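Here is the structure we will look at.
The values are calculated or read from the model by the stated rules, or taken from the named source; none is laboratory data. Predicted, not measured: the structure shown is a model, and the values here were computed from it. Here the Cβ positions follow ideal geometry from the backbone for every residue, glycine too, while neighbour counts run over all protein chains shown.
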Amino acid sequence: MVEKQFLIDDLQLHESWRLFRIMGEFVEGVEALHDLGPAVSIFGSARINESDPVYQKARRLARMLAENGFAVITGGGGGVMEAANRGAAEANGRSAGLNIRLPFEQKPNPFANLKLEFRYFFIRKVMFIKYASAYIVMPGGFGTLDELFEVVTLIQTKRIRPFPIVLVGSDHWEGLVEWIEQRLKAQGLISEDDMDLFEIMDDPEQIVTTIKKMVIL
């Protein structure tokens, strides 16, 4: 019985110290990013390489954003994240890489000039949203979808202010948007206005122009 109580006490102590780790990550993120200025968070697959057109489009987009006074925020890894940090660096812009500790895939890219590492996904997502003036979502997998629907939900429920959300690549996103319209909207599971929370675009110049019109630098 005494041994069992010790185990319970150890578990409670472990949970208490975890709270301090969580608080520490929040503090570190806020202190590092609060002077970043107007920024655009860019998401997409970590699994594409430099020869992929999606990589090149992300790189060009980030470079154009940096040239127009925006900082760039990514998840700090490879693929689209690397491309975006790289594009910002080519324009001598500021970019942040918010890396996450994972047992596979995620390795920090060398192009971000502000690097942070997170243990907890939910803290990292707060930083993506808190310091973003716009969202650009390139083709990606479950992680990209998670980040997309997180911010759409927060805007839909008025937990954060509205800002531009651009899905890049009509070939990639049109099927999902069609499903949302035919299933969610048609069944009354979302409102008609919810379809206006994001838009699909392909042309980097149009994307940057749209963001500039909607964001005050």
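Things worth noting here:
- One residue stands out in segment 175-194 among those that are touching a Leu at 6+ places or on another chain (Cβ under 9 Å) and of a type outside the set (Val, Ile, Thr): the one that is farthest from Tyr131 (Cα to Cα), namely Arg183.
- Glu15 vs. criteria more than 19 Å from Gly141 (Cβ to Cβ), in contact with a Lys or Arg (Cβ under 9 Å, 6 or more places away or on another chain) and surrounded by fewer than 21 Cβ atoms within 10 Å (Cβ to Cβ): no
So that you can scan it fast, the table gives a plain yes or no per residue for (1) of a type in the set (S, T, N, Q); (2) under 16 Å from Asn99 (Cα atoms); (3) in a strand (DSSP E or B):
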site	(1), (2), (3)
Glu25	no, yes, no
Ala32	no, yes, no
Asn49	yes, no, no
Lys57	no, no, no
Leu65	no, no, no
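- Checking each residue in segment 107-124 for being in a helix (DSSP H, G or I) and surrounded by 19 or more Cβ atoms within 10 Å (Cβ to Cβ) picks out Ile123, Arg124.
- Filter result (within 22 Å of Lys158 (Cα to Cα) and surrounded by 14 or more Cβ atoms within 10 Å (Cβ to Cβ)) within segment 169-199: Val177, Ile180, Leu184, Lys185, Ile190, Asp194, Met195, Leu197, Phe198, Glu199
- Of the set (1) within 28 Å of Arg18 (Cα to Cα); (2) in contact with a helix residue (DSSP H, G or I) (Cβ under 7 Å, 6 or more places away or on another chain); (3) not small (Gly, Ala, Ser), all apply to Glu90 but (1).
- Checking Ala39 against (1) surrounded by fewer than 20 Cβ atoms within 10 Å (Cβ to Cβ); (2) modelled with pLDDT of 95 or more, the condition it does not meet: (1)
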